[in-house]
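Following: one structure in structure tokens, then a few remarks.
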Amino acid sequence: STLGQIRFGVIGAGPAGLGVANALVRRGLPNVAVFDKLSSMDSGGRTRGAAVLPANGVRVLDMWGIRSTPLIHSELTQVGTQTPSGRVILSTDQKSLSRDEIRGIRQGKIPDSPPIALGWGSLLSALENKLSDSKVSVHYNHKIAKVEIDPEEGWEITLTFANGNTHTCDVLIGADGIDSIIRGNFFKESIGEVDSSQWIASGVCNYTWPTTTCFESRSTGSKLWATSVGKGLTGWHSVLFSDKLSPPDPNSPLDETFKSTLVEALSPAPADALNAVRETHLQDIAVCLARFGAPLMQALNMYEGRLVLVGDSAQPLPDAYNQNIAMILESAETYAIGIQQGIREWGGEHAEAEENIDGAIHRAAEIYEGPRIARVGKMYPYMLEETKLLNTTSSFMSGLRSTADWMNSHSNDIFEKELIAHNIFK
């Protein structure tokens, strides 16, 4: 490869894989091949559900020109938290979260945008269509079977797939999620315990959301938000603790009994949000364990930058602050910035010397890893605390409701209730 024609192999066609492919192509590096083990984008429930993307994530999509495509989305005027009865207790436009740590993205001079709500299917389609416009294909039905790296032959990487096909590349990007084959085989010492105490249920339905806001509400051991994702559709997303409601059998189809049980588990919650869950067809609901673990907090230079992890492969973070998907998109953009900078530093686009190629790839990994580790190091403790807070707050609210029920059953006198409550809290 010349520096301008470095070959990239990407494992995984989720937001991380499609995102890093778009970022590379945008910088004039079209020699990208994306592989995914699923049979299509729609298989495995990947396109179900919705996400709220804060301003720092929206800015990355703007840089890639994604929002100029027919992406179904809804700009949100406010996001925040509300009580189960619907009273708003925290509201923000999330502009503060857009002040990210990634200098190269800030220097892109993309103006701040309001957060947007979008369906997963819409996001993935927009990312894949943008690649298609650049003649980059996504190869489905390609489950990785073997990865061979030969340092003696210029670090050429050979991928062998379960269907018998092979592919060679100079850089392998693992974007295949928390169970990443690349991380599991090449960075085994970095894998810690995986937390499976939560699970996620989400969906998109034909239900008209009344406002351009998205406020999360919390109940006992659960949280739920719903909002418009454009074109008359409403998306919703919930997190529940496994001790509150066991996830369904992944090998069995969902039924109406499950949906009723889910609505009950999410209650109390604002009526509009619960109605969105009720109105969602079973085939449009995705359910999975909300698995997360310790992020990879070390630079990946033991393979001279030839192996790179992006997204949940590197940082399987808890569901909090709407930052998971935003950080995935930021990581993809940061790596492409690193490659571009590495090429500039090592001889320009037409340099062919092997040491120049090695130097550019190694430099790209350095540029990528520094901001990634800093960003994850900053956000991960907050995400863990938010997860603990969800459990603690849920238990606390449950205790308050039980106390209120007990007081109501013993007295109708408001002064007596206040005295009881004062003594309890004291």
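The values are calculated or read from the model by the stated rules, or taken from the named source; none is laboratory data. Just so you know, these numbers come straight off a predicted model, no measurement behind them. Don't worry about glycine lacking a Cβ; one is built from the backbone with ideal geometry, like all the others, and counts go over all protein chains shown. Note: accessible area is taken over every heavy atom of the protein model, side chains too, but ligands, DNA and RNA are not part of it. Shrake-Rupley method; radii C 1.70, N 1.55, O 1.52, S 1.80 Å.
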Handout entry: Residues of the stretch 354-374 that turn out to be modelled with pLDDT under 70 and under 17 Å from the mean Cα position of the chain (by Cα), as a count
Key = 0
Exercise for the section: Identify the residue in the stretch 137-175 that is among the polar types (S, T, N, Q) and in a loop (DSSP other than H, G, I, E, B) and, among all such residues, is modelled with the lowest pLDDT. Expected result: Ser137
Problem - Test set (1) modelled with pLDDT of 90 or more; (2) small (Gly, Ala, Ser); (3) out of contact with any Ser or Thr (no Cβ under 8 Å at 6 or more places or on another chain) - Ser190 fails condition number - result: (1)
Problem - Residue in the stretch 27-46 that is farther than 16 Å from Ser132 by Cα and in contact with a Leu (Cβ under 6 Å, 6 or more places away or on another chain) present - result: yes
Handout entry: Check on Ala299, modelled with pLDDT under 80 and surrounded by fewer than 17 Cβ atoms within 10 Å (Cβ to Cβ)
Key = yes
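Of all the residues that make up the stretch 115-136, how many are open to solvent by less than 30 Å² (accessible area, probe 1.4 Å) and assigned to a helix (DSSP H, G or I)?
7
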Problem - Matching strands (runs of 3 or more DSSP E) fully within the stretch 7-91 where at least 3 residues are under 19 Å from Trp225 (Cβ atoms) and out of contact with any His (no Cβ under 8 Å at 6 or more places or on another chain) - result: 73-75, 78-82
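Yes/no matrix, rows are residues, columns are (1) free of Cβ contacts under 8 Å to residues at least 12 places away in the same chain; (2) within 23 Å of Ser74 (Cα to Cα); (3) of a type in the set (Val, Ile, Thr); (4) open to solvent by 30 Å² or more (accessible area, probe 1.4 Å):
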{"position": "Cys205", "(1), (2), (3), (4)": "no, yes, no, no"}
{"position": "Ser228", "(1), (2), (3), (4)": "no, yes, no, no"}
{"position": "Arg278", "(1), (2), (3), (4)": "no, yes, no, yes"}
{"position": "Leu282", "(1), (2), (3), (4)": "no, no, no, yes"}
Handout entry: Enumeration of residues in the stretch 2-32 that are more than 21 Å from Leu61 (Cβ to Cβ) and either surrounded by fewer than 19 Cβ atoms within 10 Å (Cβ to Cβ) or charged (D, E, K, R) (or both)
Key = Thr2, Gly4, Gln5, Arg7, Asn31
